[in-house]
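The values are calculated or read from the model by the stated rules, or taken from the named source; none is laboratory data. Predicted, not measured: the structure shown is a model, and the values here were computed from it. Counting neighbours? That spans all protein chains shown, and the Cβs are built from the backbone with ideal geometry, glycine included. In case anyone asks, the SASA skips ligands and DNA or RNA and just uses the protein heavy atoms, side chains included. Shrake-Rupley method; radii C 1.70, N 1.55, O 1.52, S 1.80 Å.
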Amino acid sequence: MTTRSEEPTASPSPAGWGALLGREHGAVAATLAAGVALHAVNVYLATTILPSVIADIGGSNLYAWATTIFVFASVLGSTAASAVLGARGPRSSYRFATLLLAAGTVVCALAPTMPVLLAGRLIQGIGGGLLFALSYAMVRITLNEALWPRAMALVSAMWGVATLVGPALGGVCAQLDVWRGAFWGLLPFLLFFAFWGAVRLPKGTAGESAPRIPWASVSLLGLAVLLISAASISSRLAVNAAGLLAATLLLVAWLRRERRATLRLIPATAFGPDARLRLVYVTMALLVLSSTVEVYVPYFGQRLQGLGPLAAGYLGAVLAAGWTLGSIACSGMQHRRGLIIGTGPVFSLIGLVVLFFTGPAQSGAVTTVAAVGAGLLLLGWGIGMAWPHLLTRVLQLTPKEDQDLAGSSVTTIQLTATAFGSAFAGMVANVIGFSDGADVTDLQSTARWMFGLFMLAPLAAVMTARRARR
């Protein structure tokens with residue numbers, strides 16, 4: 001990945017939390033954790049304030065794009081991480097990614113229209129995706145091997161922190177009718193870690209042969225996402241169908257290139273006679289796809305369940321909380337891995353069934369809100385309980401020489417599925433009647449169709465998961 005000027009010592013060292021968070025390594029650990037946290041907070045903050053953004057500057061037909069563009073750009077950023085790290089070294093790479101995220105945040109805060117906000121989200125996504133991938137990659141560069149497990153746990157836990165901080169910051173600012181303040185509030189933290197945090201990392205040296213970016217594969221994926229996103233703006237079914245077909249053809253072209261190329265995004269094993277690895281990838285993509293309904297949950301929560309921006313933001317974060325809880329509760333059950341992989345999609349399917357019946361309800365009753373929350377919790381729990389075991393299967397089924405690629409491929413699959421799911425959700429919403437002037441009936445119909453159609457994802461995952469676990 002990079003030629004390192006400061007290799008971690010190979011001598012034995014303490015491996016507990018005290019050692020990781022102590023005087024010697026604490027600043028580095030905090031910097032790496034902050035890299036993931038700053039990216040993750042952006043996801044939940046934007047979802048929370050989007051209803052207020054739409055009310056202020058319009059652009060409801062571009063609602064899903066705020067997530068789609070960010071996630072797509074995150075894919076680009078994450079795929080470039082190895083090359084940037086090899087070319088610039090840890091300190092400079094981290095600072096570059098953080099300042100890029102800060103620049104996008106400023107554009108979002110100043111945006112007078114939705115297209116300008118989307119430009120800011122694009123810049124944010126590239127910087128955030130790069131920062132996200134760098135933070136994981138630099139655990140191995142900056143810390144002793146004995147500390148890697150604890151460091152990975154700390155960095156991963158930042159998604160849980162983001163489910164609390166993102167909706168809180170976004171919800172308070174939306175409640176006070178100052179949604180731009182949510183972006184401005186992130187800026188001091190970004191600048192702090194760009195300068196104080198970055199100097200805690202080793203300078204490193206530029207690698208003589210930094211890994212190359214598979215631009216052809218990345219371009220095909222990017223075009224597929226952008227095509228379906230562009231089609232999702234239209235309320236005409238014919239345009240949506242054409243965009244979906246074109247995006248599907250580009251995905252097929254991408255997979256065919258991956259099969260033949262030497263520089264790829266997915267391990268070659270996925271294209272061999274053993275179908276298990278590709279079934280694992282398909283299962284992961286379907287589960288992530290089913291989770292993208294959360295993009296519209298805060299909007300439905302405000303307009304249908306009568307919640308304030310803060311409460312609606314936390315309602316949208318329940319899915320992420322369920323994902324985290326499911327992962328923590330089931331990650332140690334290695335002896336039941338096959339059963340858990342096969343059962344997870346069932347819980348997600350049940351969660352979407354609950355949402356289908358409760359999500360469209362126009363009621364602020366505690367029981368209605370609790371039922372919506374229960375559906376989101378089950379949806380996230382099902383994904384979370386299967387997720388660590390699916391990740392393990394990817395590593396188990398990939399040859400040793402492709403282990404680094406196996407890890408990055410998971411990010412590629414996850415972010416691409418999120419982008420496709422968000423775009424498809426926007427497509428469904430716009431066709432059904434979601435718009436700036438949509439009445440309650442239109443919103444109820446949108447919610448019903450969205451939750452109903454997205455049931456197909458975990459239903460298909462039930463079948464692929466059972467074959468992948470063998």
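At 0.36 nm per residue, minus the direct Cα-Cα distance, what do Arg466 and Arg336 gain on full extension? Give it in nm, one decimal, please.
Details: separation 130, 0.36 × 130 = 46.80 nm, distance 1.31 nm.
Extra length available between Arg466 and Arg336 comes to 45.5 nm.
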Would you mind getting me the FRET efficiency between Gln175 and Thr248? Use the beta-carbon distance for r and R0 = 35 Å, nearest 0.05. 0.25
Simple SL model, points at 7 angstrom along Cα→Cβ for Asp439 and Asp56; separation in nm is 2.9 nm
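At a 1.4 Å probe radius, carbon and sulfur cover how many percent of the accessible area of the chain?
Numbers: 12310 of 18570 Å².
On the chain, the fraction of accessible area on carbon and sulfur atoms equals 66 percent.
In what order, largest first, do His39, His335 sit by accessible area if the probe radius is 1.4 Å? Each step should come with its number before you reach the end.
Details: His39 5, His335 150 Å².
Ranked list, largest accessible area first: His335, His39.
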Considering only protein heavy atoms, what is the solvent-accessible area of Cys173 at a probe of 1.4 Å, reported in Å² to the nearest 10? 20 Å²
Hits in the stretch 410-432: amide N under 11 Å from the 7 Å Cα→Cβ extension of Leu263, namely none
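Working with all protein chains in place, sort Leu390, Leu339, Leu99 by solvent-accessible area computed with a 1.4 Å probe, largest first.
Leu339, Leu99, Leu390
Find the percent of Cα-Cα distances in the chain that exceed 43 Å, and round it to a whole number. Numbers along the way, then the final one.
On the way: 10460 of 110215 pairs.
Beyond 43 Å sits 9 percent of the P(r) for the chain.
Taking only protein heavy atoms and a 1.4 Å probe, what accessible area per residue, in Å², does the chain have with all protein chains in place?
On the way: 18570 Å² over 470 residues.
On a per-residue basis, 40 Å².
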So, how do all the Cα-to-Cα distances of the stretch 42-111 break down into 10 Å bins, in percent, from 0 on up? 17, 44, 25, 12, 2
Could you tell me which residue out of Phe195, Ala270, Pro112 lies farthest along the dipole of the chain toward its positive end? Charges go on the beta carbon: Lys and Arg +1, Asp and Glu -1, centred on the Cα centre. Ala270
Judged on accessible area alone, 1.4 Å probe, highest first, Arg257, Arg467, Arg95 line up as Arg467, Arg257, Arg95
Residue span Ala27 to Glu401: 0.36 nm per residue of separation minus Cα-Cα distance leaves a gain in nm of 131.4 nm
So, taking all protein chains as they sit and a 1.4 Å probe, how much accessible area belongs to Glu401, in Å² rounded to tens? 150 Å²
Considering every pair of different Cα atoms, what Kirkwood radius, in Å, is found for the stretch 290-387? 13.4 Å
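So, with +1 on the Cβ of K and R and -1 on the Cβ of D and E, and no other charges, what is the size of the charge dipole of the chain about its Cα centre, to the nearest 20 debye?
Using only the charged Cβ atoms, the result is roughly 1120 debye.
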Based on the alpha-carbon set only, what is the convex hull volume of the stretch 12-141 divided per residue, in Å³? 109 Å³
